[in-house]
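The values are calculated or read from the model by the stated rules, or taken from the named source; none is laboratory data. All values reported here derive from a predicted model rather than from experimental measurement. FYI the Cβ positions are ideal-geometry reconstructions off the backbone, even for glycines, and counts take in every protein chain you see. In case anyone asks, the SASA skips ligands and DNA or RNA and just uses the protein heavy atoms, side chains included. Shrake-Rupley method; radii C 1.70, N 1.55, O 1.52, S 1.80 Å.
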Amino acid sequence: EDAAWGLAVRRKIGGNFVMPSNFRGRGLVAAIKLQITAAGDLTGEPEIQRSSGDPYFDDFALLAVAKSAPLPEPPRPGQLFLLFSAEDY
């Protein structure tokens, strides 16, 4: 269920954003904390829970998630975590 939701989120974000080429091939992954409603609306701003090590990538990831809202309906509302990888987009 969580994996299917993560895939649906990646598809939605991928349809809205193009990953800059300078982020690819570097193994960049940021863990993003979300507060989300049952309908997929974000409450508050997404936050970096674990940095990728590149502040520009982290900022890109936060922007991509926020601008893609509402997200697909989550398996459960509340606090969720999303791994945002440069290699997924």
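Here are some notes:
- Entry note, the chain: the mean residue ellipticity at 222 nm calculated from DSSP H runs of n ≥ 4, each adding -39500 (n - 2.57), is -10000 deg cm²/dmol after division by the residues and rounding to the nearest 500.
- Measuring nothing but protein heavy atoms, the accessible surface of the chain at 1.4 Å probe radius is 52 percent carbon and sulfur.
- For segment 37-89, fraction of C-alpha pairs farther apart than 17 Å, in %: 36 percent
- Annotation: extensible slack from Ser21 through Ser51 equals 8.9 nm (criterion: 0.36 nm per residue apart, minus Cα-Cα distance).
- Each residue of segment 73-88 is assigned a 3J(HN,Hα), and the resulting list reads 4, x, x, 7, x, x, 7, 10, 10, 10, 8, 10, 10, 4, 7, 8 Hz, derived from the Karplus form 6.51 cos²θ - 1.76 cosθ + 1.60 (θ = phi - 60°), x at Gly and Pro.
- Helix 55-67 axis, angle to the chain major axis (alpha carbon atoms, nearest 10°): 30 degrees
- Placing a label point 7 Å from the Cα of Ala66 along the Cα-to-Cβ line, the residues of segment 34-48 whose backbone N sits under 20 Å from it are 34-37, 40-48.
- Hz values of 3J(HN,Hα) by residue in segment 32-45 - Karplus curve (6.51, -1.76, 1.60), Gly and Pro given as x: 10, 9, 10, 10, 9, 8, 4, 8, x, 7, 7, 10, x, 9
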